[in-house]
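Heads up, the thing below is written out as structure tokens.
The values are calculated or read from the model by the stated rules, or taken from the named source; none is laboratory data. What you are looking at is a predicted structure, and each value in this text was computed from that prediction instead of being measured. Every residue, glycine among them, receives a Cβ derived from its backbone with ideal geometry; neighbour counts consider all protein chains shown. These accessible areas exclude ligands, DNA and RNA; they are computed on the full protein's heavy atoms, side chains included. Shrake-Rupley method; radii C 1.70, N 1.55, O 1.52, S 1.80 Å.
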Amino acid sequence: MLKITRLGWTAYAIAIITVVLDQISKAWILSTLGTAPGASQQVTGPFYLTLVHNFGMSFGLFRGSELSRWLLTIFSAVVVVGLAIWARKAAKPLMAAGIGLIIGGAFGNNLIDRIRYGYVVDFIDVSRIHFPWVFNVADSGITVGVCLLLLDSFLSEEKKLANPDGHGL
């Protein structure tokens, strides 16, 4: 039987919550704005909901072909499996949260959406504050997850530098 740490289970729970929130938000957007890309509705100030069909990956890279769709899907599946294996051994809360958010985001965007629609459903639009990309909950999960992993790595390295012999103060 596979041994999974308590924080590993936490990472899996965060991944599931991320996928559920992502897919619920996308279902709601599609029922609210319809399925035609470009439909837009102001929420407040510079925040709009604008439906975009993203056939590429982050920031629209690698868009346009069926081959790229399936390559991105396969790549994402490999990333999800690799992160799920890493999550089993999670020993720090930031690491577990980061891995869980990335798994959930990759699964929601690049596996469910690409298989189901052939593209990723993006809708969070803050372009009026000079952020040119439209994104979604899964994208946010991936971004925050990567930031948490970087923060965890930075804090671990800082701790090593402050205490190079590995003993308590």
Open item on the list: Regarding the stretch 70-91, can at least one residue be identified that is assigned to a helix (DSSP H, G or I), of a type in the set (K, R) and out of contact with any Cys (no Cβ under 6 Å at 6 or more places or on another chain)?
Closed with: no
Verdict on S140 being modelled with pLDDT under 95 and small (G, A, S): no
Out of (1) over 20 Å from W9 (Cβ atoms); (2) among the hydrophobic types (A, V, I, L, M, F, W, C); (3) surrounded by fewer than 18 Cβ atoms within 10 Å (Cβ to Cβ), the one V81 does not meet is (1)
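Conditions tested, residue by residue: (1) of a type in the set (A, V, I, L, M, F, W, C); (2) touching a residue at least 24 places away in the same chain (Cβ under 8 Å).
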position: I102; (1), (2): yes, yes
position: F107; (1), (2): yes, yes
position: I112; (1), (2): yes, yes
position: G118; (1), (2): no, yes
position: V121; (1), (2): yes, yes
position: F131; (1), (2): yes, no
position: N136; (1), (2): no, yes
position: V146; (1), (2): yes, yes
position: L161; (1), (2): yes, no
Restricted to the stretch 115-143 and to residues being of a type in the set (A, V, I, L, M, F, W, C) and surrounded by fewer than 16 Cβ atoms within 10 Å (Cβ to Cβ), the residue farthest from I103 (Cα to Cα) is I129
Check: What about L94, is it open to solvent by 10 Å² or more (accessible area, probe 1.4 Å) and modelled with pLDDT of 95 or more?
Finding: yes
Of the residues in the stretch 118-169, those that are small (G, A, S) and within 30 Å of L72 (Cβ to Cβ) come to G118, S127, A138, S140, G141, G145, S153
Residue hits (the stretch 112-126; within 16 Å of the chain's Cα centre (by Cα) and part of a strand (DSSP E or B)) are V120, V121, D122, F123, I124
The lone condition L101 fails out of (1) at pLDDT 95 or above; (2) part of a helix (DSSP H, G or I); (3) open to solvent by less than 30 Å² (accessible area, probe 1.4 Å) is (3)
